[in-house]
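Let me begin by presenting the structure, written as structure tokens, before commenting on it.
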Amino acid sequence: MKKKRISFLPNIDTRIYMIFGIIFLLSTVFLLYQYFRHVDCEKANYYIHADEYLVNRVVEFNDNTQGASSWKWDFGDDTAVDTRSRTIHYYKKPGEYIVRLTINGSCTHEKLITITSISQQIGYMPVIEAPDVAAVGESVQFNAEKENGESWEWSFGETATTDALGKSPIYKFKTVGDKKITLIVNGDVEHTAVKTIYIAPKAIRARQKIDIRSYEFEKPHSAFSLPQGDAQKDPLVDMLQRIPVSPKIRVGKDSIVSIKKAPEISNEQFQLLLNQVAGQSKTKDDFKDYVCENYHISVVVNNEKLVPFDEFCQKISDKKIKISALRLNKNQENCIQNINIHYKIKKWGLWMKD
């Protein structure tokens, strides 16, 4: 006698089992896909950077969020959405723009950026506010008229270096004559403001009125005369005969060398050497000829700090730097006397002031 095979739910078609199996398999694959592409929206790691947020200038957009596999950058100016993790964009009009970044189709972040007009920032000739005439020792107030820049470099015509920083400095002149005042705003050397003022001698005022009864009259010249002696040869005659044709500097007991000027170096070449210092392929000693072996010259950093050159080299060593402006001031021997630099360092993927 044959045994009958007992099946579970015999009235259900086997195709239904297959459909349920396929649905279960697809659900499992979908859950795994969602699990591995999951991103913690609170830990998004992205940045928006530009040297200057100006019209037609490059703005960099970059996302380094862990687990991110798709991106949508909406730049807020009705242009096409960009789907790359790192991209650049140009804004054609000034204004405020809300940038939206969508990561993996689920996390959306917004950031407001402000784009200004080039005509408001560069290509503008600043105006110097100052009196036309002043006196020696008098405090003279200077002002950069209608200029809302970030840095101001003043030279008052008495030295070959930068004399003051800031929008409204005060200076006391030490010598008489015409003084050429120069002002550089935001490191824009091509649009340097110039003004000439005259510095008059210091006015001398009598402390008290002269009383004729207490006035001491001059003594006769005979009271100061020396007895006449024998004629003497002027020692200046022999000294002039021994003056060499060109200036000499005595560097040893018996050795004499001619005066030499420091080699010429441009701002761009100096900036390249500083980048190599940051990359640890150069040191301060590679600047020996340009600073005339004086490693303690002053460096004005971002108009905020004043540090010696050797300390500055140590500070930027083994760091990623981006130099936006550099100015070298030299003396008559072409030796660099001081440096004015604007730069940023890269920390945690962001460019920021050091």
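Details
- Enumeration of residues in the range 183-205 that are in a strand (DSSP E or B) and open to solvent by 30 Å² or more (accessible area, probe 1.4 Å): Val194, Lys195, Thr196, Tyr198
- Looking across the range 158-179, the residues that are under 21 Å from Lys202 (Cβ atoms) and open to solvent by 40 Å² or more (accessible area, probe 1.4 Å) come down to Glu158, Thr159, Asp163, Ile170, Lys172, Lys174, Thr175, Val176, Asp178.
- Residue match in the range 135-157 (condition: open to solvent by 20 Å² or more (accessible area, probe 1.4 Å), touching a helix residue (DSSP H, G or I) at 6+ places or on another chain (Cβ under 8 Å) and assigned to a loop (DSSP other than H, G, I, E, B)): no
- Checking the range 123-142 against the condition returns a match, with at least one residue being of a type in the set (Phe, Trp, Tyr) and modelled with pLDDT of 90 or more.
- Just one of the listed residues (Tyr295, Tyr290) is aromatic (Phe, Trp, Tyr), surrounded by fewer than 18 Cβ atoms within 10 Å (Cβ to Cβ) and more than 15 Å from the chain's Cα centre (by Cα), and it is Tyr295.
- Gly229 being farther than 29 Å from Thr161 by Cα, modelled with pLDDT under 70 and either open to solvent by less than 40 Å² (accessible area, probe 1.4 Å) or under 41 Å from the mean Cα position of the chain (by Cα) (or both): no
- Qualifying positions in the range 322-333 - open to solvent by less than 30 Å² (accessible area, probe 1.4 Å) and either in a loop (DSSP other than H, G, I, E, B) or not small (Gly, Ala, Ser) (or both): Ile323, Leu326, Leu328, Asn329
- Residue in the range 107-121 that is open to solvent by 40 Å² or more (accessible area, probe 1.4 Å), in contact (Cβ under 8 Å) with a residue 12 or more places away in the chain, basic (Lys, Arg) and under 19 Å from Val58 (Cβ atoms) present: yes
- Where Asp51 falls short, out of the listed (1) of a type outside the set (Lys, Arg); (2) part of a loop (DSSP other than H, G, I, E, B); (3) at pLDDT 60 or above; (4) exposed (fewer than 10 other Cβ atoms within 10 Å of the Cβ): (4)
The values are calculated or read from the model by the stated rules, or taken from the named source; none is laboratory data. None of these values were measured; they are calculated from a predicted model. With ideal geometry, Cβ positions are generated from the backbone for all residues, glycine too; neighbour counts draw on all protein chains shown. Ligands, DNA and RNA are stripped out before the accessible areas are found, and what is left, the full protein with its side chains, is counted by its heavy atoms. Shrake-Rupley method; radii C 1.70, N 1.55, O 1.52, S 1.80 Å.
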